[in-house]
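As structure tokens, the structure follows; a few thoughts come after it.
The values are calculated or read from the model by the stated rules, or taken from the named source; none is laboratory data. Quantities reported herein were computed from a predicted structural model and do not represent experimental measurements. Glycine gets a Cβ as well: all are built from the backbone with ideal geometry, and neighbour counts include every protein chain shown.
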Amino acid sequence: MARRGLLLALLLATSLAAQAEPLRVLSWGGAYERAQREALFSPFTVQTGIPVEVHRYDGDLGELRRSAARGEAPWDVIDMTRSQAMAACEAGLLAPLPADLAAPAPDGTPPREDFLPGAIGRCALTHTLFATVVAYRPEAFPGRRPTRIGDLFDQARFPGPRALQRTPAVNLEWALLAHDVPHQELYRLLSTPRGLDLALARLDSLAAIHWWQEGETPVRLLAAGEVVMASGYNGRFFDAMVNRGLDIEILWDGQVQEHETWAIPRHARRPEAARAFIRFATTTERLVVLAERIPYGPARRSAAARVGRHPERGVDMRLHIPTHPLNAEGAIEKDERWYARTLPRMQALFDAWRQRRQERDAATP
Amino acid sequence: MRAACGRVDGAGPATYTLGMETTTAPTGRGPVPVLRFLGLVLLGAAIGGVAALAAAGFVRAVLALNALLLISPRSRIMVADPVLLTLATVAVPTLGGLVVGLLHRRLPEGRPHTPADVIAAVQTRRGRLPAREGGVSALTALLSLGAGASVGQYGPLVHLGATLGSLGARLLRLGRSEDNITIACGVAAAISTAFNAPLAGIVFAHEVVLRHYALRAFAPTAAAALVGHVIATQVLAQGALFHVADTAVPRAWEFALFLGIGGLGALLAGAYMHAILAMGRLAGRLPLRPEWRPALAGALLGLTALWVPDILGIGQEALRFATIAGAFGGGELLLVLVLKVAATALCLGLGFSGGVFSPALVIGTLFGALCATLLASLTGGATETFVFYAVCGMVAVTAPVIGAPLTSLLIVFELTGNYALTTAALASVTLASPLAAQLFGRSLFDIQLHRRGLDLSAGRGRALLMERRAADLLSDDCVTLAPESPLQAAIAALARGHHGEAHLVDAAGRYHGCVTLAELEALHQAGGSHTAADGVDAGRPTLSPATTMWEAMTRLQEVSGEALAVVDDDRFLGVVYEARIARAYLEQSDTLRREEQGHG
């Protein structure tokens, strides 16, 4: 069964390779892109002869929307969060994926059982779960270390500036978690004006906030000592800790898990090659190779069980992936359905609050 | 002149033998009673399973309806269009009320059944909860809750569980005692599932429904609660009602405040209960047919919710926020509290179907939070123990309303696992429950039943006597005479019938009074031409068929005679012998003793 699939893929690949046009992949850059290159892009080119051209973005889908209006697409495959994929899918910006796109597990387990719940969507297929976590400089707090997400807001015990992402997502969740709200009720309470006020008030209580947009920025701010605590993607922090020896630690409590998916835009120039790539990139084998290079939790159970050590550093990667039981205890899954419907309004609310805060800070010297 | 007819319901020596037999019967040892008992436990578990699944389905259906009808905050925020949201906020409760009102027309009493009906059925050993009323009430409660009415969901769950339990007993053709136990099983399973708190389920069934403790009832109830718990963890997998992180332990003097919250909470509970009752009375005077009333309540609720959305529905979000310091301002707490009381009274009084517990949870927690906020503003103090005050307020209001102090404490304990919090709640409930019971009654259910003529305040024995009617004890073994009978003939008739009393009934069947043999004899001795009617004992009371046994017993205390006549609209129906009443009383005491003290 698996062998025949491989054969088909090879046949497909050779026929596709005849066209020398590259597959244009949109991804997030940085250490993440380096790992993807090693685990996915290069092996794909080796196997199929199709060169991969990597484009970078910061999650802004304006260009996708504009090009779709012109009836074209600047990319063939997009690495996007599931919430964005759901919104884009609803807006008709993405091409639906065939039901049998994903390959079965090496032992023949069908994809539906092997992938985590909610991983197989209409327009997008989850490949990994990443987490937004808080990292801190341990030297900034001699004698104590933060253990709960509430400590992010406790500047009395953990003094120093913070760096947070310039989005409502994650920040609102953490601000409400700091009030000891149970995970299951988080989004229900955030759905009320009272809950949003409470969350924004808690954020407002922070004395100094650096806002970041690029995934590398919080790492840089921590490294430069400009902040003592920063939110960021767990993979970036891992890269800084293990590959660059930066002295930071991760606070896993309150980690917000998100699905990272592959999707194909409507009007993609090479949809067949794009589908072949997604099937290749979501095999158990490739997901394991990826997770050993950057600590994102594979979306397949069969892959999570096989993750071993980092090929160069020798670090046990299971301890660094968000879905490991030790790390996942205080984890919350981002409610992407909620964000898919509310993000513009949340963003407006968030921006208005930041505006007020700035004006107030400007008024009081 | 008619003489006595055969003994229909004789009062004689046989009575006593029967009584003696039952009292001396061995209390079930041996294989058969043990097997019967184990069968009852298994039945309890089975009923627990059915009731728990029904409860889980009910809770899920309410959530689904709330999401679909834009009642739950989550579904509301998903809607970007403010006009649609405004329309839905007003239209959904109104239309929901309309449907509920029309469905209630199908019920004989025109009102939904509640836990009060369960309590009445068990306390009077009537059992046999009607399936139709139970089904319609559950459906209308589901619609009421789904459409955002400010009512509770636990009452309907309790009634649904009880109805299923009673149905089980009826299907297996079991007796009244077993019917009572299966009702308790359904109740325990429903509470155990809904709160995911098995101990609270068992205690609630004993404290509120059974009101006695017998091992015979305990084991099946416990089995039912356990099955409910297992199903709740498997099927519902819902988060705790509230969550408390390791908080500071309250200081010693704060326990005095918790006690004080208990006292004030009892008064608030009384106000809440009386608001509901008063709204019910007011509704009766509205120039609006009963089936339109819930729609009116829904419209008023929806309009108010445009201003204060916290009052819509079960109010879980409001409950949660009330446990967080700073989520509400002091004025807001008071406003939401008052509006929630008013909204609940409006919805229940005007005929929505639902419980009183969930709104009481919200009201109590808001009240506790208000106390904590006031205290903080007075002392400028810390908010570390804020949640203690909120929980104390919650327990202080809910325990008196449902008449279940232990259950309320156990719910706190099982949901939080926090001992410090439970002891604080204990301080509140210590004062709240007895105080409210003294001032208002044991629970809202008891007050409602009292108004329907069932007084449970003197316990189950009296309730049972209140439940039996003179018509049930009627005998026609008596001497009846025409009022115009000559004395001589009357005395002869009495002698023939071996009776000391005769009842004067005319040809039209009208009752003219009672005469004793002694009185007739005295008249006869005095001489002159008298008829039987001249000897009537004017002070002798009569009973109507609807007179309760309790009343009959009180009246008998003033009478030294053998029987009282039962008269309906002047028409003579027969007599009730004093001995028959005594026998019925003994039988009842014996049944109760076996049910409440027996263990097999």
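Some notes on this structure:
- Residue within segment A:308-315 that is assigned by TED's automatic domain parsing to the domain that holds residue A:98 and either surrounded by 21 or more Cβ atoms within 10 Å (Cβ to Cβ) or under 22 Å from residue A:82 (Cα atoms) (or both) present: no
- Test: residue in segment B:193-207 that is surrounded by fewer than 22 Cβ atoms within 10 Å (Cβ to Cβ) and of a type in the set (Asp, Glu): yes
- Which listed residue, of B:465, B:487, B:444, B:504, is buried (at least 19 other Cβ atoms within 10 Å of the Cβ), in contact (Cβ under 8 Å) with a residue 12 or more places away in the chain and under 24 Å from residue B:203 (Cβ atoms): B:444
- Filtering segment A:135-162 to residues that are small (Gly, Ala, Ser) and part of a loop (DSSP other than H, G, I, E, B) leaves A:143, A:156, A:160.
- Single match in B:529, B:457 (criterion: assigned to a loop (DSSP other than H, G, I, E, B) and closer than 30 Å to residue B:444 by Cβ): B:457
- For segment A:225-237, the condition of being surrounded by fewer than 20 Cβ atoms within 10 Å (Cβ to Cβ) and either touching a Cys at 6+ places or on another chain (Cβ under 8 Å) or not assigned by TED's automatic domain parsing to the domain that holds residue A:69 (or both) holds for at least one residue.
- Of everything listed in (1) surrounded by 18 or more Cβ atoms within 10 Å (Cβ to Cβ); (2) closer than 21 Å to residue B:157 by Cβ; (3) within 14 Å of another protein chain (Cβ to nearest Cβ); (4) in contact with a helix residue (DSSP H, G or I) (Cβ under 6 Å, 6 or more places away or on another chain), the single unmet condition for residue B:71 is (4).
- Any hit, segment A:272-287, residues being within 20 Å of residue A:316 (Cβ to Cβ), in contact with a His (Cβ under 8 Å, 6 or more places away or on another chain), in contact (Cβ under 8 Å) with a residue 40 or more places away in the chain and not assigned by TED's automatic domain parsing to the domain that holds residue A:149: yes
- Lone unmet requirement of (1) farther than 24 Å from residue B:317 by Cα; (2) in contact with a Ser or Thr (Cβ under 8 Å, 6 or more places away or on another chain) for residue B:413: (1)
- Among residues of segment B:148-168, those that are more than 18 Å from residue B:111 (Cα to Cα) and crowded, with 24+ Cβ neighbours inside 10 Å, counted: 5
- Residue match in segment A:222-235 (condition: within 14 Å of chain B (Cβ to nearest Cβ) and not hydrophobic (A, V, I, L, M, F, W, C)): no
- Taking the criterion of being out of contact with any strand residue (DSSP E or B) (no Cβ under 6 Å at 6 or more places or on another chain) and crowded, with 17+ Cβ neighbours inside 10 Å, the residues of segment A:46-63 that qualify are A:48, A:61.
- Flag if residue B:331 is away from chain A (no Cβ under 12 Å) and at pLDDT 90 or above: yes
- Pairs meeting the criteria (first residue in segment B:43-72 and in the same structural domain as residue B:161 (by TED's automatic domain parsing) and over 13 Å from residue B:192 (Cβ atoms), second residue of a type in the set (S, T, N, Q) and in a helix (DSSP H, G or I), beta carbons under 8 Å, at least 6 apart or on different chains) are B:43/B:182; B:66/B:75; B:67/B:75; B:68/B:75; B:69/B:75; B:70/B:89; B:72/B:66.
- Inter-residue pairs, beta-carbon under 6 Å, first facing another protein chain (nearest Cβ under 7 Å) and under 23 Å from residue B:348 (Cα atoms) and in segment B:312-327, second modelled with pLDDT of 90 or more and assigned to a loop (DSSP other than H, G, I, E, B), 6+ apart: B:317/A:192
- The lone criterion from (1) among the polar types (S, T, N, Q); (2) free of Cβ contacts under 8 Å to residues at least 24 places away in the same chain; (3) in a helix (DSSP H, G or I) left unmet by residue B:430 is number (2).
- Pick from segment A:166-215, criterion of a type in the set (Gly, Ala, Ser) and closer than 20 Å to residue A:228 by Cβ, ranking: farthest from the other protein chains (Cβ to nearest Cβ): A:215
- Test: residue in segment B:91-109 that is over 28 Å from residue B:281 (Cβ atoms), modelled with pLDDT of 90 or more and not assigned by TED's automatic domain parsing to the domain that holds residue B:354: yes
- Residue A:155 fulfils the conditions (1) surrounded by 20 or more Cβ atoms within 10 Å (Cβ to Cβ); (2) more than 14 Å from every other protein chain (Cβ to nearest Cβ); (3) polar (S, T, N, Q) except for a single criterion, (1).
- Checked against (1) touching a residue at least 24 places away in the same chain (Cβ under 8 Å); (2) farther than 22 Å from residue A:182 by Cα, residue B:420 passes all but condition (2).
- Test result for residue B:298, farther than 12 Å from residue B:362 by Cβ and within 12 Å of chain A (Cβ to nearest Cβ): no
- For residue A:342, the conditions (1) more than 14 Å from chain B (Cβ to nearest Cβ); (2) in contact with a helix residue (DSSP H, G or I) (Cβ under 8 Å, 6 or more places away or on another chain); (3) crowded, with 16+ Cβ neighbours inside 10 Å; (4) assigned to a helix (DSSP H, G or I) are fulfilled apart from (1).
- Members of segment B:451-500 that are under 47 Å from the mean Cα position of the chain (by Cα), of a type in the set (Gly, Ala, Ser) and closer than 16 Å to residue B:519 by Cα: B:500
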